[in-house]
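Let me begin by presenting the structure, written as structure tokens, before commenting on it.
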Amino acid sequence: MGLTHKQKMIVVILLAGAVLAVLNQTLLSPAFPTIMADLHVDATTVQWLTSAYSLVEAVIIPLSAYLIGRFSTRKLFIAGISIFAFGSLLAAFAPFFAILLLGRVFQAIACGIVMPMVFTVILLIFPREKRGSAMGMVSLVIGFAPAVGPSVSGILVDGIGWRALFVVVFILALIIIIASIITLESYGEFEPSSFDKPSVALCSLGLLSLLYGLSSISSARNITLPLALIAVGAVLLFFFVRRQFKLEIPLLRIEVLKTHRYAITVIVIVLLQAALVGTGVLLPIYLQNLIGVSALQTGLIMLPGAVIGAFVGFFAGRLFDRIGPRKVILPGAFISFVGGLGLVALNLDTPIVFIICVYTCLSVGMQAIITPLNTWGINSLDNKVIQHANALSNTLNQVGASLGTAVLVSLSATSTFLFPEMPTIEQTMAGDKIAFCFTASIILVIFVIVLAKVRDAKTSPLSTIPVHFPTKADDNIAVNLAMNSEPYYVHSTDSIRSVAQILASNKTSGVPIVDNKNKVVGFVSDGDIMKYIGRNDAAILDGSLMLYRVPDDQSFVSRVAELLDLNVMRIATKNVISVDSGSELDKACRLLAEKRIKKAPVVDEKGILIGSLSRSDIIRSTMANLASIEAMAAAEKLEKRSQSCGL
């Protein structure tokens with residue numbers, strides 16, 4: 001993609017760190033039942049390995065801008081992965097649960113530091129004209145990382161034990177650290193920023209108090225303490241929000257929630273995160289403790305949904321660009337709700353195939369919602385506040401994951417006092433049923449919100465000029481009769497400046513590029529130029545629903561100046577759609593319409609440029625021959641009538 005060897009190595013190392021971080025988020029869930037048995041903890045306690053991870057990452061993410069401005073990217077990445085490796089090592093040899101939880105906290109700190117910085121640097125490394133394809137590649141790699149997590153986890157847990165998960169992650173982190181020390185260089189210059197310490201304290205203490213209160217309320221003998229913690233957490237978060245409105249440079253700009261579309265997006269994504277992550281914790285426990293499958297089988301049951309969901313998430317964004325948000329998001333919400341109803345139907349003798357279908361529906365439906373909905377919401381904001389919206393979204397997403405996990409696991413534990421006379425297995429199933437009903441209720445709320453609030457942008461109907469061509473074979477008009485036989489073109493060695501001058505002087509929409517033998521080797525359109533000089537903000541959604549949006553800080557004038565001196569082939573379309581000079585004009589019309597292009601080069605049988613054919617060329621040719629066309633159409637109509645009368 002036009003990168004030097006060293007730049008490619010930097011991208012590979014950074015991407016490896018990001019993949020490891022995302023993989024780590026889904027690696028642990030299938031091991032929960034084994035950890036519960038080994039460390040003698042219940043489901044309410046073990047869920048903290050997910051809740052605490054999300055909570056800590058939620059607090060660290062808003063500090064990422066300060067850290068990127070304060071330290072070089074090389075030092076920050078190596079330090080972050082080192083913290084991650086230390087946390088993994090600590091967890092691998094944890095003698096009891098508290099040490100294991102502390103190891104997860106260190107992992108979360110590292111991910112909160114590394115992930116936002118990684119995508120920012122990767123974006124800066126790629127040339128502007130390659131960023132779109134680069135981000136697509138990165139998104140696909142990141143999207144598939146969590147898909148293999150449960151399966152890999154199952155193999156390691158069944159074969160070696162749950163501690164092997166952290167040993168493997170530690171070794172991979174160590175390899176990345178060594179490669180970073182040898183190869184990685186600092187990239188990009190970032191403005192230093194500050195952060196408000198009281199805001200960090202209020203946010204972290206408030207969330208911790210609220211989350212701990214919610215997660216402990218179901219197992220507490222006296223609910224006074226959990227209720228008090230919930231109240232204290234709510235008060236601290238209230239003061240946190242109020243402080244953000246008073247600060248000139250707040251930790252999180254809460255006021256972006258005043259934008260209606262963005263607020264709807266945040267609400268839906270937080271609910272999705274709560275349902276998806278909470279179910280991801282409960283489902284492995286249900287499968288292994290109640291159905292009796294192994295950790296590997298658990299991973300394989302979740303694998304189809306994760307893989308198909310990754311593909312759906314990748315293509316959902318493209319569908320959004322073509323058909324709008326509602327036609328993508330609404331079916332996704334409905335499929336998710338079907339999956340939610342499937343969760344409610346689970347019991348002690350549910351077939352494995354049915355469970356696979358249920359999880360696949362959940363994963364596919366939610367992935368069909370996430371990317372288009374995020375884009376729909378972010379597009380409603382001014383570019384100046386996108387960074388703040390990005391930080392707020394990711395923080396609230398992690399809060400949703402923490403709260404969702406805590407609430408669902410706590411609900412599953414309520415069966416111990418709601419149905420004290422039941423046998424243990426039936427009692428656990430009843431608790432899971434309560435939690436799954438709550439999940440289905442969350443998804444139903446999501447479906448109702450999408451149905452009522454997500455709308456396509458209103459567009460005015462396009463007017464078209466009807467063109468009628470004779471249909472008889474001997475009346476077909478050849479392309480060479482309508483084409484411009486003196487086309488404008490540039491050579492493959494020219495700069496974009498030459499193209500811009502032709503476009504401006506001749507009011508044309510594109511220019512073919514030829515080699516020294518006049519063969520067409522590329523095409524540059526006004527759209528290619530607009531794509532380069534327009535804002536090039538990038539967004540990547542990882543497997544944990546974290547949205548990383550990197551705004552384009554380069555000014556318009558600097559983008560234009562940079563573009564004009566580039567070689568034409570840097571931004572040109574290489575796979576050129578051309579028209580054969582002897583082909584029929586009606587087929588050329590269909591080609592231009594189906595491919596949604598305004599202009600195409602006309603070539604002979606050897607691929608030599610001999611003309612160009614645009615939509616305006618076709619319309620001009622049609623109007624110039626209108627009398628002949630109408631005469632031929634009338635003659636054809638008369639002939640058909642004569643044949644009809646003869647019959």
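Readers should treat all values here as calculations from the given coordinates under stated rules, not as data from a laboratory. Computed from a predicted structure; not experimentally measured. Ideal geometry is used to build each Cβ from the backbone, glycine not excepted, and the neighbour counts take in all protein chains shown.
Our Cα-only numbers for the range 197-250 put the radius of gyration and Dmax at 12.8, 45 Å. For the range 575-619, the spread of Cα coordinates along the three principal axes comes to 25, 21, 15 Å, biggest extent given first.
Of all lysines in the structure, the ones whose alpha carbon falls short of 19 Å from that of residue 453, not counting any fewer than 8 places away in one chain, are 258, 327. With the convex hull of the Cα atoms taken as the outline of the range 232-344, the averaged projected area works out to 10.8 nm². Distance between the 7 Å Cα→Cβ label points at residue 519 and residue 79: 5.5 nm. Inter-part distance, the range 45-123 to the range 400-442, computed on C-alpha centroids, equals 30 Å.
Here residue 574 and residue 7 are evaluated by their C-beta separation; at R0 = 22 Å the FRET efficiency comes out at 0.55.
Taking label positions 7 Å along the Cα-Cβ direction at both residue 623 and residue 231, the computed distance is 7.8 nm, reported to one decimal. A straight line joining the Cα centroids of the range 266-312 and the range 317-361 runs 12 Å.
Residue pairs exceeding 26 angstrom between C-alpha atoms, taken from 517/574; 531/587; 507/606; 197/246: 531/587; 507/606. Over all other residues within a Cβ to Cβ distance under 14 Å of residue 80, the charged ones net out to +2, with Lys and Arg as +1 and Asp and Glu as -1.
Per-peptide packing, taken as the mean over residues of other Cβ atoms within 10 Å, places 166-179, 21-34 in the sequence 21-34, 166-179 from highest down. Ranked by how many other Cβ atoms sit within 10 Å of their own Cβ, fewest first, the residues 437, 203, 589 fall in the order 437, 589, 203. Sorted on the mean count of surrounding Cβ atoms within 10 Å across their residues, most packed first, peptides 329-342, 346-359 read 329-342, 346-359. Quick one: grab the alpha carbon gyration tensor of the range 387-440, order the square roots of its eigenvalues as a ≥ b ≥ c, and give me rounded if a/c is under 1.5, else prolate or oblate depending on whether a/b is larger than b/c. In terms of gyration-tensor shape, prolate.
Protection proxy ranking, highest mean first, for peptides 420-429, 302-311, 277-286: 277-286, 302-311, 420-429, where packing is the per-residue count of other beta-carbon atoms within 10 Å, averaged. Can you give the net charge of the other residues whose Cβ lies under 15 Å from the Cβ of residue 235, counting K and R as +1 and D and E as -1? Residues close to residue 235 contribute a combined charge of +2. Charge tally for residue 453 (other residues, Cβ to Cβ under 11 Å; Lys, Arg +1; Asp, Glu -1): +3.
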